[in-house]
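**Q** Take this structure, written in structure tokens, and hold onto it; I'll ask about it next.
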Amino acid sequence: MKILCLSDNHAYCDEGLLHHVAWADEVWHAGDWLNLDMHKAITAMGKPILGVHGNVDGQDVKLEYPVEQFAMREGLKVYMIHIGGKPGKFPDRVKFILEKYTPEIMVCGHSHILMVKKDPKFPKTLYINPGSCGLHGFHKVRTALRFEINAGAIEKMEVVEWEKRSM
């Protein structure tokens, strides 16, 4: 299963993003959509989306996506939330979920900082933050992650980068 993992597009969607959507079997979006334009573009391509809403999303996005997701993909438990902290600095609710649900993959956004890391306190969980694929924010490069999940293993993970053009 090929996954394109995105976050924080902040209403921005272009051909560069959609090129990678075409590659994917499923798109994971960790919130801050701002509107449903990207959702509509991805679903028009026939791609399923696993997503959550973020802290700046309006009611339209909140009706489409929950605040957090729990899913199984290719034998791996996935937990997704927009504001999830980072390894070593997880909020109490996230710590509780990591202890009780023990996902193999945790996906969050919000920080606009790409990070893939394990926390020694939660060694079974791979923390994934794809950074920001939108134009708004302090990040200098727009990022996403592409990877595959096969028979319970994450494989071929790669960073996708785009130049951040001024608005």
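The values are calculated or read from the model by the stated rules, or taken from the named source; none is laboratory data. These figures come from a predicted structure and were not determined experimentally. All Cβ positions, glycine included, derive from the backbone under ideal geometry; neighbour counts span all protein chains shown. All accessible areas refer to the heavy atoms of the entire protein, side chains included, with ligands and DNA or RNA removed. Shrake-Rupley method; radii C 1.70, N 1.55, O 1.52, S 1.80 Å.
**Q** Around residue 32, with a cut-off of 14 angstrom between Cβ atoms, what is the net charge of the other residues, counting Lys and Arg +1 and Asp and Glu -1?
**A** Value of the local net charge: -3.
**Q** Right, another one. Taking all protein chains in place and a 1.4 Å probe, what share, in percent, of the accessible surface of the chain do carbon and sulfur account for?
**A** 55 percent
**Q** I've got another one for you. Report, by chain and number, residues whose modeled amide H sits under 5 Å from the one on residue 84, excluding near sequence neighbours (fewer than 5 apart, same chain).
**A** Close amide H contacts, sequence-distant or interchain: 109.
**Q** Next up: Can you give me the Rg/Rh ratio for the stretch 54-124, using Cα atoms for both radii and the Kirkwood formula for Rh?
**A** Result: Rg/Rh = 0.97.
**Q** Once phi is turned into θ = phi - 60°, what whole-Hz ³J(HN,Hα) does the Karplus curve with 6.51, -1.76 and 1.60 give for every residue of the stretch 63-78, x standing for Gly and Pro?
**A** 3J(HN,Hα) across the stretch 63-78, in whole Hz: 6, 8, 10, x, 6, 8, 10, 10, 8, 10, 9, 6, x, 10, 7, 10.
**Q** A follow-up question, please. Suppose the chain between residue 22 and residue 89 were pulled fully straight at 0.36 nm per residue; how much longer would it get relative to their current alpha carbon spacing?
**A** 20.7 nm
**Q** Taking Cα pairs under 8 Å and at least six residues apart, what relative contact order does the stretch 68-145 come out at, in percent?
**A** 24 percent
**Q** Could you name the lysines in cross-link range of residue 156, using Cα to Cα under 24 Å and dropping any fewer than eight places away on the same chain?
**A** Cross-link targets: 2, 47, 77, 86, 117, 118, 124.
**Q** Using the Karplus curve 6.51 cos²θ - 1.76 cosθ + 1.60 with θ = phi - 60°, what ³J(HN,Hα) values do you get for each residue of the stretch 40-45, in whole Hz, with x for Gly and Pro?
**A** Result, ordered by residue: 5, 5, 5, 5, 5, 7 Hz.
**Q** Then there's this: Long-range amide H contacts for residue 7: which residues qualify at under 5 Å (H placed 1.01 Å from N, peptide plane, sequence gap of 5 or more or a different chain)?
**A** It is 30, 133, by chain and number.
**Q** Moving to a separate point now. Sort 134-143, 40-49 for me by packing, meaning the mean count of neighbouring Cβ atoms within 10 Å per residue, highest on top.
**A** 134-143, 40-49
**Q** Give the long-range amide H neighbours of residue 157: residues separated by 5 or more places, or on another chain, with amide H under 5 Å away, using H modelled in the peptide plane at 1.01 Å from N.
**A** The answer is 148.
**Q** Below 8 Å, C-alpha to C-alpha, sequence gap of six or more: please give me the relative contact order for the stretch 29-81 in percent.
**A** Value for the stretch 29-81: 36 percent.
**Q** Per residue, how much accessible area does the chain have with a 1.4 Å probe, in Å²?
**A** With all protein chains present, the chain gives 47 Å² per residue.
**Q** Per DSSP H run of n ≥ 4, the term is -39500 (n - 2.57); total these for the chain, divide by its residue number, and report the mean residue ellipticity at 222 nm rounded to 500 deg cm²/dmol.
**A** For the chain, the value works out to -5000 deg cm²/dmol.
**Q** Could you derive backbone 3J(HN,Hα) for the stretch 143-151 from the dihedral phi with the Karplus parameters 6.51, -1.76 and 1.60 (θ = phi - 60°), listing whole Hz in sequence and x where the residue is Gly or Pro?
**A** Running phi through 6.51 cos²θ - 1.76 cosθ + 1.60 with θ = phi - 60° gives 9, 8, 10, 10, 7, 10, 10, 9, 6 Hz.
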